[in-house]
Each structure stands twice: as structure tokens, then as C-alpha cells.
């Protein structure tokens with residue numbers, strides 16, 4: 001019996017490698033987004049704490065109030081920049097996800113082709129073997145005398 005060989009096996013392996021690379025890129029983008037979300041959450045907590053502290057301004061000197069106000073302004077700007085950065089990271093994550101989907105589709109297409117070719121090969125091989133068995137049975141057939 002002959003062995004099935006898929007002519008595009010190297011292409012399939014290459015597409016699988018591209019799919020793996022796309023998975024890794026998506027994981028990297030998702031991790032970066034999660035880390036940035038944690039950073040943004042910390043900034044918002046710091047802002048809330050400082051605003052609460054500033055609301056109790058009666059306990060502070062004018063210098064402390066000015067310093068706290070400046071800190072709130074800085075935190076607000078940092079949050080604005082972090083929100084903009086988050087939008088960029090979300091876009092990168094979406095691009096990475098779309099790239100992975102495309103790579104997976106490319107690989108799946110070749111896998112289906114390989115599967116169909118393998119099934120066809122097996123059917124042809126089975127028919128060839130059946131024909132061979134039929135020929136052997138015909139050659140060995142001895143009609144009985146009546």
C-alpha cells in the first residue's frame with residue numbers, strides 16, 4: 001500500500017506557524033491592555049482619594065491645598081492620556097484578533113483540502129486493493145465439475 005503525501009504540507013506548516021505567531025501577538029496585546037487597565041484603575045483610585053482629601057481642605061494649609069490641587073490636575077491629565085492610550089491598545093488588540101482569525105481561516109482551508117485529498121486517496125486505494133483481490137479470486141477460481 002502506498003502512503004498518502006499532501007503536496008502542500010510545507011505551506012500548511014508555514015500557515016500553522018503564522019497562526020501560532022498571531023496567537024502570541026494577540027496574547028501580548030491582551031496582556032498589555034490588561035496591564036494598562038490596571039494602571040488606569042490605580043490612577044482613578046488615586047484621583048478619588050486626593051479629591052476626597054481636597055474636600056477636607058479645612059484641615060490643610062494653603063500650600064497643601066495648592067499642592068493637592070496641582071496633584072489632582074496632574075492625575076486628571078494622566079487619566080486623559082491613559083484613556084487615549086487604552087483606545088490605541090484596544091485597537092491593537094482588535095487588529096491582532098482579526099489577524100488571528102484570518103490566519104486560522106487560512107490554515108483551516110488547507111486542512112480541509114488535505115482531508116479531502118486524503119479521503120479521496122483512501123477511496124482510490126481501497127478500490128485498487130478490491131480490484132486486486134477480485135483478480136486474485138478470479139485467477140484461483142476453479143469451477144466445480146458436475
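Pairs, please: C-beta under 6 Å, at least 6 apart or cross-chain, first residue more than 21 Å from residue 109 (Cβ to Cβ) and in region 13-34, second surrounded by 13 or more Cβ atoms within 10 Å (Cβ to Cβ)?
Final answer for the pair search is 29/92; 29/93; 29/96; 30/93; 32/89; 33/89; 33/93.
In this structure, is residue 14 surrounded by 14 or more Cβ atoms within 10 Å (Cβ to Cβ) and within 30 Å of residue 121 (Cβ to Cβ)?
yes
Is at least one residue of region 43-56 farther than 30 Å from residue 84 by Cβ and out of contact with any strand residue (DSSP E or B) (no Cβ under 6 Å at 6 or more places or on another chain)?
Yes; the residues of region 43-56 include at least one that is farther than 30 Å from residue 84 by Cβ and out of contact with any strand residue (DSSP E or B) (no Cβ under 6 Å at 6 or more places or on another chain).
Out of 72, 83, I need the residue that is at pLDDT 95 or above and either surrounded by fewer than 12 Cβ atoms within 10 Å (Cβ to Cβ) or assigned to a helix (DSSP H, G or I) (or both). Which one?
83
Assess whether residue 129 counts as being touching a residue at least 40 places away in the same chain (Cβ under 8 Å) and over 30 Å from residue 23 (Cα atoms).
yes
Return only the number of the condition from (1) modelled with pLDDT of 90 or more; (2) farther than 30 Å from residue 91 by Cα that residue 38 does not satisfy.
Single failed check for residue 38: (2).
Inspect region 27-41 for any residue being more than 25 Å from the chain's Cα centre (by Cα), in a helix (DSSP H, G or I) and surrounded by 11 or more Cβ atoms within 10 Å (Cβ to Cβ) and give the result as yes or no.
yes
The values are calculated or read from the model by the stated rules, or taken from the named source; none is laboratory data. The shown structure was predicted, so the numbers you read here are calculated from the model rather than taken from an experiment. For neighbour counting, all protein chains shown are included, and Cβ atoms are generated from backbone atoms with ideal geometry for every residue, glycine included.
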